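Here's the structure, in structure tokens; my notes come after.
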Amino acid sequence: MAETQIEWTDATWNPVAGCSIVSAGCTNCYAMEMARRLQAMSVPKYRGLTRRSGKRTVWNGVVREDKTALDIPLGWKKPRKIFVNSMSDLFHDRVTDTFILKVWAVMRATPHHHYQILTKRPERMGALVHSKIGEVLPNVWLGTSVENADVVGRIDYLRTVPAAIRFISFEPLIGSVGAVDLHDIHWAIVGGESGRSARPIREEWIDEIFDRCAMHNTAFFFKQWGTWGKDNKRRSKKANGRVYRDKVWDEMPKASLSPSIA
């Protein structure tokens, strides 16, 4: 599970497997179907993490800590951007504080990598970083997912977390987020949903985020239109591409920023 096609990272590292649906952005999560496939391929880590609901595969709430995966980044000598837990959420309530601290120890021991941690549970992330971690590692970026206006409150939790880089994944963007406050947010990733059941994205929703990024000097990364194009027509995500406002936006946060403590 190292190499990845995710445009904003180089590799994935999954010391945790399994999750739970918490909001509308989880509905078509690619990781649920991927977990089912990995179980079919007899990968023990992914056994029994999902169930069928009609024609869909969904998480069943089982979350598994994989101690054998902890040392994987130690063997990667070439510096990489590493997305932590593409198949789960490190701050799920069934992941123990002790295990999270072990993940932090690996990140501390590998300063040549940059780690990107994305959660839908930023309130727990903030509480744990404040109470049990404290230090700001310059190579650890902390982020949250925001799919529509219903969950923009996650950003306020994120803003309080001590981190070198704070970022938001507006993917899948399935609704307007309005005049979102990006103060003290260093990076925004925006993308539409893909797949058979993908929900449409609207250009005006992207415009809202783009304009706020410009206002707050937040790096803007447009990942994809997804299944629904700029013209609101359904195609493959490859056909719809990544061009927004006549260019490809691959902005990254300034990793050299001094650690920021809110």
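The values are calculated or read from the model by the stated rules, or taken from the named source; none is laboratory data. None of the values given here were measured: they were computed from a predicted structure. As a convention, Cβ positions derive from the backbone with ideal geometry for all residues, glycine included, and neighbour counts pool all protein chains shown. Surface accessibility is based on the protein's heavy atoms, side chains included, excluding ligands, DNA and RNA. Shrake-Rupley method; radii C 1.70, N 1.55, O 1.52, S 1.80 Å.
Just checking, which of S256, S236 is at pLDDT below 95, out of contact with any helix residue (DSSP H, G or I) (no Cβ under 6 Å at 6 or more places or on another chain) and either surrounded by 14 or more Cβ atoms within 10 Å (Cβ to Cβ) or not hydrophobic (A, V, I, L, M, F, W, C) (or both)?
Working: S236 fails: at pLDDT below 95.
After ruling out the rest, the residue left standing is S256.
Kindly establish whether S23 is at pLDDT 95 or above, of a type in the set (S, T, N, Q) and either open to solvent by less than 40 Å² (accessible area, probe 1.4 Å) or closer than 19 Å to G226 by Cα (or both). Lay out the reasoning, then the answer.
Values: at pLDDT 95 or above: yes; of a type in the set (S, T, N, Q): yes; either open to solvent by less than 40 Å² (accessible area, probe 1.4 Å) or closer than 19 Å to G226 by Cα (or both): yes.
Considered against the rule, which asks whether it is at pLDDT 95 or above, of a type in the set (S, T, N, Q) and either open to solvent by less than 40 Å² (accessible area, probe 1.4 Å) or closer than 19 Å to G226 by Cα (or both), S23 comes out as yes.
Being assigned to a helix (DSSP H, G or I) and either of a type in the set (G, A, S) or without any contact (Cβ under 8 Å) to a residue 12 or more places away in the chain (or both) is true for just one of A127, A188, A179. Which residue is that? Show your work before the answer.
Numbers: A188 fails: assigned to a helix (DSSP H, G or I); A179 fails: assigned to a helix (DSSP H, G or I).
Selected residue: A127, the only one of A127, A188, A179 that is assigned to a helix (DSSP H, G or I) and either of a type in the set (G, A, S) or without any contact (Cβ under 8 Å) to a residue 12 or more places away in the chain (or both).
The rows are residues; the columns are (1) farther than 27 Å from P111 by Cβ; (2) touching a Leu at 6+ places or on another chain (Cβ under 7 Å).
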| residue | (1), (2) |
| --- | --- |
| T9 | no, no |
| T12 | no, no |
| G25 | yes, no |
| N28 | yes, no |
| E33 | yes, no |
| A40 | yes, no |
| T50 | yes, no |
| W59 | yes, yes |
| P79 | no, no |
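For the structure I just gave you, tell me whether W76 is surrounded by fewer than 18 Cβ atoms within 10 Å (Cβ to Cβ) and at pLDDT 95 or above.
Values: surrounded by fewer than 18 Cβ atoms within 10 Å (Cβ to Cβ): yes; at pLDDT 95 or above: yes.
In short, yes.
Could you check the range 48-59 and list, in sequence order, the residues that are buried (at least 16 other Cβ atoms within 10 Å of the Cβ) and free of Cβ contacts under 8 Å to residues at least 40 places away in the same chain? Break it down stepwise before answering.
Taking the range 48-59 first, the residues buried (at least 16 other Cβ atoms within 10 Å of the Cβ) are 49-50, 57-59.
L49, T50, T57, V58 - these are the residues of the range 48-59 that are buried (at least 16 other Cβ atoms within 10 Å of the Cβ) and free of Cβ contacts under 8 Å to residues at least 40 places away in the same chain.
Identify, by number, the condition in (1) assigned to a loop (DSSP other than H, G, I, E, B); (2) open to solvent by 10 Å² or more (accessible area, probe 1.4 Å) that R108 doesn't meet.
For R108, the exception is condition (1).
What is the residue count in the range 33-45 for residues that are in contact (Cβ under 8 Å) with a residue 24 or more places away in the chain and touching a Lys or Arg at 6+ places or on another chain (Cβ under 8 Å)?
1
Out of the residues in the range 1-20 meeting the condition of being assigned to a loop (DSSP other than H, G, I, E, B) and open to solvent by 70 Å² or more (accessible area, probe 1.4 Å), tell me which one is nearest to G175 (Cα to Cα). Can you show your working first?
Filtering the range 1-20 for residues assigned to a loop (DSSP other than H, G, I, E, B) gives 1-2, 4-10, 14-15, 19-20.
Pick out the ones that are also open to solvent by 70 Å² or more (accessible area, probe 1.4 Å) and you get 1, 5, 7.
On the way: M1: 31, Q5: 25, E7: 22 Å.
That would be E7.
If you take the residues of the range 154-169 that are of a type in the set (V, I, T) and touching a residue at least 40 places away in the same chain (Cβ under 8 Å), which of them is farthest from E7 (Cα to Cα)? If you could, list the steps in order and put the result at the bottom.
Going residue by residue through the range 154-169, those that are of a type in the set (V, I, T) are 155, 160-161, 165, 168.
Now narrow it down to the ones that are touching a residue at least 40 places away in the same chain (Cβ under 8 Å): 160-161, 165.
Details: T160: 27, V161: 25, I165: 18 Å.
Within the range 154-169, the match that is farthest from E7 (Cα to Cα) is T160.
I want to confirm something. Restricting to the range 40-96 and keeping residues that are in a strand (DSSP E or B) and polar (S, T, N, Q), which single residue is farthest from the chain's Cα centre (by Cα)?
Taking the range 40-96 first, the residues in a strand (DSSP E or B) are 50-53, 56-59, 64-65, 81-84, 88.
Remaining after also requiring polar (S, T, N, Q): 50, 53, 57, 88.
Numbers: T50: 20, S53: 24, T57: 20, S88: 10 Å.
Within the range 40-96, the match that is farthest from the chain's Cα centre (by Cα) is S53.
When you go through (1) outside any helix (DSSP H, G or I); (2) more than 28 Å from D231 (Cα to Cα); (3) among the acidic types (D, E) one by one for E193, which number turns out not to apply?
Failed condition: (2).
Sort through P172, P200 and tell me the only one that's open to solvent by 10 Å² or more (accessible area, probe 1.4 Å), in a loop (DSSP other than H, G, I, E, B), under 18 Å from R121 (Cα atoms) and touching a residue at least 12 places away in the same chain (Cβ under 8 Å).
On the way: P200 fails: under 18 Å from R121 (Cα atoms).
On inspection, the qualifying residue turns out to be P172.
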